[in-house]
Amino acid sequence: MKKAIALDIGGTNLRCALINEKYEIEKVLIKNTLTGSLEAFLEEVAKIIEEIGLSKDVVGIAMGVPGKVRWDGFIPELPNIGIKNIPLAEFINEKFHLTTTILNDAAVAALGEAVLGNGEGYETVFFITISTGVGGALVRNKRIIVADDEIGHRTIKYKDSYYEFEKLFSGNGIVRLCKLNSLEVENAYHFFLLKDRQDELALKIYDVWIKNISSLIQYIKKYFEVDVIVMSGGVIKSSQYFFDDLIKLNPNVTIKIAKNSQNAGLIGASYCALNNYNS
């Protein structure tokens, strides 16, 4: 049975999986992402691929990374990892002699959900990830049309200052948004717990957060003319605290939580490797 090695590289964690042609995850390894050093990052990626197992059944390697990727797999910069000028595809190809596909992480996860998740059966799918940052991608007829991590970098005005969208409304952004409103929280989950307990200040901040996430959804619906929006990422793990409100605020949009959850990127990457996909 054919197999693929799939990686989902984030600013916090490096996840690697061995996935077969039935898209069953046979093995997963998770390590902390090494930041600030190009050499250390490349070696850690190679190391986790070796550890997951390079059997003769493996036909390819594919991965999603949190940044823009050139056509040849060269990555100009990974801001969340603190490195630039990354010859990732070349490095992996030379080391393992396997076809290597590298795409933006949101694009890979979008493909996974569009083909094998809650976007299946829809022609046009937009995938949003809300985690360390905010990213997204558009898939139409099982092809990535737009790998639009720019949705997280749109500039908005808040309290007479300007911020990138993800700086206030991602998982990390929620902590900053709270601090700007004199509320100290450890993380997004802590914030949602306070909101659930009807903390007065948390409720006011929540109103700002949910309305801005809703505005993002309306922008995507209008600009990309999508059939369904699928959401994933670390913040979506707390969806029980806000998803009903999001649905009520967007009655004209079909919104779903990713079927593959945190594995959407791995499933999408395996689809690329098993089907010799290129954008």
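Some notes on this structure:
- Straight-line cross-link reach from Lys159 at under 22 Å between alpha-carbon atoms covers these lysines, not counting any fewer than eight positions away in the same chain: Lys167, Lys179, Lys195, Lys204, Lys211.
- The long axis of helix 105-116 is offset from the longest Cα principal axis of the chain by roughly 80 degrees.
- Maximal additional length on extending the Glu21-Lys47 stretch stands at 7.0 nm, based on 0.36 nm per residue less the C-alpha distance.
- DSSP-loop GluC sites (Glu not before Pro) across region 1-48, with at most 10 other Cβ within 10 angstrom: none
- Ordering of 121-134, 176-189 by burial proxy (mean other Cβ atoms within 10 Å per residue, highest first): 121-134, 176-189
- Placed amide H near Lys256: partners under 5 Å, 5+ positions off or other chain: Ile229, Val230, Met231
- Chymotrypsin sites (Phe, Trp or Tyr not before Pro) restricted to DSSP loop in region 1-73 with at most 11 other C-beta within 10 Å: Trp71
- Fraction of accessible area attributable to carbon and sulfur, the chain (%, probe 1.4 Å): 45
- Counting only protein heavy atoms and a 1.4 Å probe, region 1-123 has 45 square angstrom of accessible area per residue.
- Spatial offset of region 180-213 relative to region 111-174 amounts to 21 Å, using the alpha carbon center of each.
- Helix axis angle, 264-274 relative to the chain longest principal axis, alpha carbon, degrees: 30
- Those lysines that a straight Cα-Cα span of less than 25 Å connects to Lys56, excepting residues fewer than 8 apart in one chain: Lys2, Lys3, Lys22, Lys27, Lys31, Lys47, Lys95
- Annotation: Cα Rg of the chain relative to the compact-globule expectation 2.2 N^0.38 Å equals 1.00.
The values are calculated or read from the model by the stated rules, or taken from the named source; none is laboratory data. Worth saying up front: this structure is predicted, and the values here are computed from it rather than measured. Here the Cβ is made from the backbone with ideal geometry for all residues, glycine too, and neighbour counts use every protein chain on show. All accessible areas refer to the heavy atoms of the entire protein, side chains included, with ligands and DNA or RNA removed. Shrake-Rupley method; radii C 1.70, N 1.55, O 1.52, S 1.80 Å.
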